[in-house]
Amino acid sequence: MASLAAIGRNTLDRYVSALQYRDYRYMWMANLSAQAAYWALIVARGWLVFDMTHSPSMVGTVTFVAMAPMVFLPPISGVLADKMNRRTLLAWTYGVNLLHNLVLALLAISGILETWHILLLSLVNGSARAMQMPVSQALAANLVPREKLLNALSLNAATMHASRLVGPGLTAPLLAILGAPAAFFLCTAFYLVGWVQILKIKTVSTGGIKKGESFVVNFTDGIRYVWHHHTIRMITGMVILHCGLTMAFESLLPVFSTQRLGAGSAGFANLMVGVGAGALAGSILIGGVLSPFARGKFYLVTGILSGLGQVMLSFAPNMAVAVTAAAAMGASQAAFMTLGQATTQSLAADDFRGRLASINAFSLGGVMSTMNLVNGFLGNVYPVVLVLLVEGMIFVGIMLVGFALSTPRHVYLRGFPQIVDSQKVKLV
């Protein structure tokens, strides 16, 4: 029994090892609070807008306004993350979203809230989140040793996927009993908790941008750095293609659920739950992969499964198979993205980590939103199952073509480059 307990403790430590570092724990708890606030806000704000306007298009407009800053703000936040104290910059983003939710709650409870208020505040909220994501990723790389970064980012990703259940789960009864203002106050409380945790971080974290140079020069230097680092260039290109071909499916799923499965909105909800549950499992499990050699194999396998999961979904004859395929997509996509982000941050010089994180954020926000729009139009012209099938097969082909190129082939067969870390990180 003692040996089984020891095995259990060792296994647990393997998957949560980053939490032994004090400042990372603070950031992880802050991220958990912020993600719960984000998903709670999506539910509460969407319900309130629909209740005020009875217009689905207005709900979509508010959501778009909140997401739009992800297209143009990540490059700016990446440069700032390499120029300013990252903890200070992250605290500012939390503070802005705290005030945003507080103002939204006060306007709602006063009865003077109008749709233009919500649109303007959604832009503020989206801008703060667009700044928050790259800064958070760059800061995490300073709070744990390089060899623990995959575990740290996997835990961050797990909070995002878990909060998709926690945030809306707490918001729904508040909306039913006390209305939208109470839900907005809950979001405010979440951000207050996160802001306090960020302020507890003591690690000094800054990049290495030279003073006196313009934004364009600094951002171009980041692009040049990515281009000249073969492994980082390969992973960055794969991330962009992966986000565009296998992760931009949300605009297709409602039509797929209706036309292919005959399940309507309930089927769409089930598919999204499947994706979310799979993503939670995938993001946690990949954090326990310690060997650089094994990580290379997992990178190949999860990339191929991201495409094949979409192919499997396109052929799904019923809801059970479709949800299984959606879970496989979520798990492989989360693992692939987390592994890529952790590797680029581990290999990168600290001077460029913010700009690298901004490219990842742009891929998640800009590329995915653009391809969702494109796929929406493609779904009007071609059968949705064909769009899912073709895009999934294209990405599988891209992963396999990597065997013909030196850098991907080296990663697939020999693993990622070994990393020797000399940074000192506080454990307590």
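For (1) within 16 Å of MET133 (Cα to Cα); (2) modelled with pLDDT of 85 or more, each residue gets a yes or a no:
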| site | (1), (2) |
| --- | --- |
| GLY340 | yes, yes |
| GLN345 | yes, no |
| GLY354 | yes, yes |
| ALA361 | yes, no |
| THR370 | no, no |
| VAL374 | no, no |
| PHE377 | no, no |
**Considering residues of region 109-119 that are of a type outside the set (S, T, N, Q) and more than 29 Å from the chain's Cα centre (by Cα) only, the residue surrounded by the most Cβ atoms within 10 Å (Cβ to Cβ)** = LEU113
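Every residue, every condition in (1) small (Gly, Ala, Ser); (2) buried (at least 21 other Cβ atoms within 10 Å of the Cβ); (3) assigned by TED's automatic domain parsing to the domain that holds MET27; (4) out of contact with any Ser or Thr (no Cβ under 8 Å at 6 or more places or on another chain), yes or no:
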residue	(1), (2), (3), (4)
GLN132	no, yes, yes, no
SER154	yes, yes, yes, no
ALA162	yes, no, yes, yes
LEU175	no, no, yes, yes
ALA180	yes, yes, yes, yes
LEU186	no, yes, yes, no
PHE190	no, yes, yes, no
VAL196	no, no, yes, yes
**Item:** Residues that are part of a helix (DSSP H, G or I) and surrounded by fewer than 24 Cβ atoms within 10 Å (Cβ to Cβ), drawn from region 134-147
**Value:** ASN142, ARG146, GLU147
**Prompt:** Here are GLY78, GLY126, GLY95: which of them is surrounded by fewer than 19 Cβ atoms within 10 Å (Cβ to Cβ), part of a helix (DSSP H, G or I) and small (Gly, Ala, Ser)?
**Reply:** GLY95
**Item:** Those helices (runs of 4 or more DSSP H) lying entirely in region 334-424 with at least 3 residues β-branched (Val, Ile, Thr) and either within 22 Å of LEU80 (Cβ to Cβ) or not assigned by TED's automatic domain parsing to the domain that holds ALA152 (or both)
**Value:** 368-381, 384-401
**Fill in**
Exception for LEU80 within (1) closer than 19 Å to TYR38 by Cα; (2) touching a Leu at 6+ places or on another chain (Cβ under 8 Å) falls at (1)
**Request:** Only residues that are hydrophobic (A, V, I, L, M, F, W, C) and under 24 Å from the mean Cα position of the chain (by Cα): list them for region 373-386, please.
**Result:** LEU373, VAL374
**Message:** So, in region 284-322, exactly how many residues are outside any helix (DSSP H, G or I) and surrounded by fewer than 16 Cβ atoms within 10 Å (Cβ to Cβ)?
**Reply:** 4
**Asked** Scanning for something within 22 Å of ALA342 (Cβ to Cβ), in contact with a helix residue (DSSP H, G or I) (Cβ under 8 Å, 6 or more places away or on another chain), in contact (Cβ under 8 Å) with a residue 24 or more places away in the chain and crowded, with 22+ Cβ neighbours inside 10 Å, does region 222-230 turn up at least one residue?
**Response** yes
**Message:** Residues that are modelled with pLDDT under 95, more than 18 Å from THR231 (Cα to Cα) and not hydrophobic (A, V, I, L, M, F, W, C): does region 290-305 have at least one?
**Reply:** no
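The values are calculated or read from the model by the stated rules, or taken from the named source; none is laboratory data. Everything numeric here is computed off the predicted structure, so don't read it as measured data. Note that we place each Cβ from the backbone using ideal geometry, even for glycine, and neighbour counts take in every protein chain shown.
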